[in-house]
Amino acid sequence: MKKLGIFLLLIFIFAVGFFLYYKEGSLPVDKTSKESQIFVIRQGENLTTIANNLSNQKLIRNKIIFYLIVKQLGIEKKMQAGDFRLSQAMPGKEIAEALTHGTLDVWMTIIEGRRKEEVAQIVAQSLFIPEVELLKYAQEGYLFPDTYLIPKDATAETVVRIMQDNFNRRFATQLKQQAGNKGLSVEEVVILASLVEREAKFDGDRAGVAGVLLRRLDSGMKLDIDATVQYALGYQPESKSWWKKNLTYEDLEIDSPYNTYKNTGLPPGPIANPGLASIIAVIEADSNNPYLYYISDKSGRLHFAATLEEHNQNIKKYLR
């Protein structure tokens, strides 16, 4: 009986101690604070990371208690990626609830190789900006693929400017100088990089595709790029895609300046928005490489050939 009494006493002491610990940990860091600060939740961050970051910014007293508050409220899955205006005067529960709504900005990811119409679709879904509005300002090739934190009230013009400014930062002066040393303008690099982006499924194939394109240009050959024909064909209602998967011989005859099966030289503009890896692949490509041809096997891997005979052998080997 005495042991039971001691046990119950210990439980009582523990319960009171935990209550005080919980209560203290959920209080504001500084209830007299009049200042606020921006707190950012990045895409994919879990509750532990969020609690650690809040603690590091001194917005909560105790990250363990904050974790328990969120679990108790059942709002972990309701937390949004974005940025929030928080204050040290807010108690833990209020901060937790604030992270489930009211983001100041919206996360948005643009994937490499998308044409401007596809970018406009992503923007429309994320920011409710009509696609036609973005297309008024969008310039193909310069909507730099990246993950952005965009102000919720941004206009179409603002969104485009943010992406183009990012392009100018990433395609830095040194890269532009390297391109100039190879006799390539910024526009030519972007056009070539957009072709590389659509043709090379794997990173290891980018340099090879860029080398083939440069060699073909130097020799006066047509580029014969399927992706340029896909770009010329435009939206495909049947597949609800901007890129027709299987081209026909009739498709290759389309009358368009973008059709590199009919026209020599570069198309008149980029066919997509390339990422930095494809831009660098073009700038660093060896135009003296031995290859003039390549084909894609069923997995998307490219196989290069120096002569038409080797190219035909690759076709037999990988496509039949």
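So which aspartates and glutamates can Lys78 reach, going by Cα to Cα under 17 Å and dropping same-chain residues fewer than 8 places off?
Candidates past the 8-residue exclusion: Glu45, Glu94, Glu97, Asp105.
About the Cα centre of the range 10-141, how large is the charge dipole given +1 on each Lys and Arg Cβ and -1 on each Asp and Glu Cβ? Please answer in debye to the nearest 20.
Values: 16 positive and 15 negative charges, 109 e Å.
The calculation lands at about 520 debye.
Among Met79, Met108, Met163, which one shows the highest mean-square fluctuation when the chain is modelled as a Gaussian network with alpha-carbon springs under 10 Å?
Maximum fluctuation in the GNM of the chain, among the listed residues, is at Met79.
What is the distance in Å between the Cα centroid of the range 174-235 and that of the range 250-296?
Answer, in whole Å: 4.
Could you give the semi-axes, largest first, of the ellipsoid that matches the range 106-169, computed as the square roots of 5 times the alpha carbon gyration tensor eigenvalues and rounded to whole Å?
Values: eigenvalues 43, 33, 25 Å².
Three semi-axes, in Å: 15, 13, 11.
Give the lysines whose C-alpha is closer than 24 Å to that of Lys317, dropping any in the same chain fewer than 8 places away, or say none.
Lys201, Lys245, Lys298
Tell me the relative contact order for the chain as a rounded percent, counting alpha carbon contacts under 8 Å between residues six or more apart.
Values: 502 pairs, mean separation 46.1, N = 320.
Across the chain, relative contact order equals 14 percent.
Within the chain, which complete DSSP H helices have Cα atoms spanning at least 18 Å along the helix axis and a mean Kyte-Doolittle hydropathy of -0.5 or higher? Each step should come with its number before you reach the end.
On the way: long enough: 2-26 (36 Å, 1.31); 156-170 (21 Å, -0.82); 186-199 (20 Å, 0.81); 206-219 (20 Å, 0.34).
What comes out of the filter, once short or polar helices are dropped, is 2-26, 186-199, 206-219.
Which FRET efficiency, nearest 0.05, do Ser219 and Gln43 yield, Cβ-Cβ r, R0 41 Å?
Values: r = 45 Å, r/R0 = 1.10.
In this case the efficiency is close to 0.35.
Sum -39500 (n - 2.57) across every DSSP H segment of at least 4 residues in the chain, then divide by the residue count to get the 222 nm mean residue ellipticity, nearest 500.
Working: 13 runs with 153 residues, N = 320.
Helices in the chain give a 222 nm mean residue ellipticity of -15000 deg cm²/dmol.
Measuring from label point to label point, each 7 Å out along Cα→Cβ, what is the Lys77 to Leu135 span in nm?
3.7
Taking the radius of gyration and the Kirkwood hydrodynamic radius from Cα positions alone, what is the Rg/Rh ratio for the chain, to two decimal places? Walk me through the numbers on the way to the answer.
Details: Rg = 28.0 Å, Rh = 23.6 Å.
Dividing the radius of gyration by the Kirkwood radius yields 1.18.
No value in this document is a laboratory result; all are computed from the given coordinates. The structure presented is a predicted model; accordingly, all values stated were derived computationally and were not measured. FYI the Cβ positions are ideal-geometry reconstructions off the backbone, even for glycines, and counts take in every protein chain you see.
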